[in-house]
Every structure is written in C-alpha cells, then in structure tokens.
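As structure tokens, the structure follows; a few thoughts come after it.
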Amino acid sequence: MTIAKLHTKGLPPLSEPLAGAAIEARLEADRLSKTAEHEAHRGDDPARLAASDAGGCARKVALGRLRVPKDITYDAAALMTFRAGDFYHQITQEAMVQALDMRCEVDFDLRPKLSLWGKADGVYDGRVVEIKSQSGYGFDLATGGKRSDDGPGPKSDHLVQAGFAAVSPQIQADAVHVVYINKDRGVCAEWIIGLDDPLPHLAPKDAEPPTIRSLVNAEAKRLALILHYLDQDVMPARLVPGYGLVEGDPPEPGQRGAKPWNCAYCPWQPSCKGWSPNQFPFSLTAEKAVVVAEATPV
C-alpha cells in the first residue's frame, strides 16, 4: 500500500511504510481465514454452485467451480475496499436485527432441483434481505440519480441471488428486501419486491417485464447447463448475461470503460484471452490446476 512519489519538494511519505505493511499482512491473514472458514462451512457434501454465481459469465462460473487457480488475485487496496463494504454490511444487519427481528446469514440449498447453496443476508416476515454496498455511480444509476435507458431499480443478479434464497425449501419467502448502501456518501436505498411483481427496468424491448421468479427459473436453467457442459468435459463459451458472446480479445484487467466490463474484473482474463471464445473440450492436469484448451472448438 505504497504511494507514488510525484514531487521532489516537501516531505514525502516513507518508501517502505510500516503501518501499510502491517495492514497488508492483516488483510491477507483475514482473507486466508475467511477462505478456510468458507470451505469448512460447506461440509463434506458441498453443492457444486453458489448463489453468487448468478449473472456471472458462463466461463467464469465454470473456472470457479473447477477450482482453477486465478491468474489475478486481489491486492491490498482491493481487500481494504472490501473491508469497508463489510463494515456497511455489518452495520445494516445489526440495525435490521434490532428493528425487524431479522435472522442473519441464513443457509439455503436448492438440491435436489439444482446443486446450489448460499447464505441469505437476512430473513424476516417472509422476506429475504439482500444487502449490497455500491460505488456512488452504481448507486446513482440504481436510484435514478443518474439517467439510464432502463430507469432505476436493483440489478438483475442481486435480485436472482435473493430469489434463490426465497424459493429455497429452507426459507420459502414471498418477497425480497434489497438494501443498497452508497459507500461514498453513507446513504441507503431500499426496495421490497414480491417474487411475482413485474420488474419494468429489466424488461426487454417490446416484451413483458420479468419477475424475480422468472429470472430465478431462467438463471437456474443456465447454471444447470454449465454443469452439464463440465460433466461432458466441455468448457462453456465466453458468454456474459446481458451482453452475449465476447468475441476477440476480452478487455484487459482494470481497463476502464470497456465492454463488457465483466472481463476487466475477471481473475481468469489472461488465460481466457488465449482460448477460443466458443466452447471447446478441455482436460485438467493431475493436480486439477490448469485448464488445457484444445485447438478445435466444439
């Protein structure tokens, strides 16, 4: 967590910071601990998919489920940003527990219909709570503070994550309560949406608006198809929901304004860039660590 030196005058900061190094070590230790806790919680018979896979690129979902090591890992600055989001998340949960008698971190599992598990941020009065911290720009788009073609409303993947929890046999809720926290200004926006309420901001052109239930059903079919491909030793195409097939070179990591933006934040982008955008047979090494792409797509 060093700072670039831009001036020759004045009193520049330490070139090898002490607190910065300690922060990096602490964040890395927390990351490893959280990863170990996550794996332990999944138990001896874990589901193959996670609710957080909702809305993800088909190939990214596949690489994550295959446990292929990431080309790019989060640096200390990104981990610190996540910790700031964790703080807002915790404060919101604590407040909703006190005010609404909400249960937190509620496990759910969609098996046998779909091998998918997750944790609902909260559940109260037949509602599933989904809490997301957002940047100022994303928050303004969702709330109507900035103009968009589709109008304000929660993101599709956030609604699907909450919807998976709502339709699970363990929870069986009839609505979702989405809470967005603006990390830049510390304000929040909320929506309470029934599973069968129309979502006009997500309506395709000249089509009926979807509902949370219809989005969940469509995403469940998509994720099940990804598992089918993996069972056939076929790597899915580079398909991003809402965008389509990413042909040519996917955007570089950290590239601003690129489309689809998903690729610029994908930890497997460097490897994926060297593969066909279409489906292809694959095999793994004995350590199940490296994907080997074949030359001929399926």
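The values are calculated or read from the model by the stated rules, or taken from the named source; none is laboratory data. These numbers come from a predicted model, not from an experiment. Neighbour counts are summed over all protein chains in view; Cβ atoms, including those assigned to glycine, are modelled from backbone coordinates with ideal geometry.
Looking at Asp206, Asp231, Asp249, just one residue is more than 21 Å from the chain's Cα centre (by Cα), closer than 23 Å to Ala50 by Cα and exposed (fewer than 14 other Cβ atoms within 10 Å of the Cβ), and that residue is Asp231. Answer yes or no: is there a residue in the stretch 209-231 that is in a loop (DSSP other than H, G, I, E, B) and in contact (Cβ under 8 Å) with a residue 60 or more places away in the chain. For the stretch 209-231, residues in a loop (DSSP other than H, G, I, E, B) and in contact (Cβ under 8 Å) with a residue 60 or more places away in the chain: absent. Of all the criteria given as (1) of a type outside the set (Gly, Ala, Ser); (2) under 28 Å from Leu239 (Cα atoms); (3) assigned to a strand (DSSP E or B), the one not satisfied by Val68 is (3).
Got a sec? Which of Ala78, Ala84 is loosely packed, with under 15 Cβ neighbours inside 10 Å, farther than 11 Å from Trp268 by Cβ and free of Cβ contacts under 8 Å to residues at least 12 places away in the same chain? So the residue among Ala78, Ala84 that is loosely packed, with under 15 Cβ neighbours inside 10 Å, farther than 11 Å from Trp268 by Cβ and free of Cβ contacts under 8 Å to residues at least 12 places away in the same chain is Ala78. When we screen Phe139, Phe108 for residues that are of a type in the set (Phe, Trp, Tyr), in contact with a Ser or Thr (Cβ under 7 Å, 6 or more places away or on another chain) and either modelled with pLDDT of 85 or more or assigned to a helix (DSSP H, G or I) (or both), the only hit is Phe108. So if I check each of Leu114, Leu159, Leu110, which one is surrounded by 23 or more Cβ atoms within 10 Å (Cβ to Cβ) and either in contact (Cβ under 8 Å) with a residue 40 or more places away in the chain or within 15 Å of His201 (Cβ to Cβ) (or both)? Unique residue meeting the criteria: Leu159.
Taking each residue of the stretch 32-59 that is under 29 Å from Gly242 (Cα atoms) and looking for partners that are of a type in the set (Phe, Trp, Tyr) and modelled with pLDDT of 70 or more with beta-carbon atoms closer than 6 Å, six or more apart or interchain, yields Ala47/Trp117; Ala51/Phe164.
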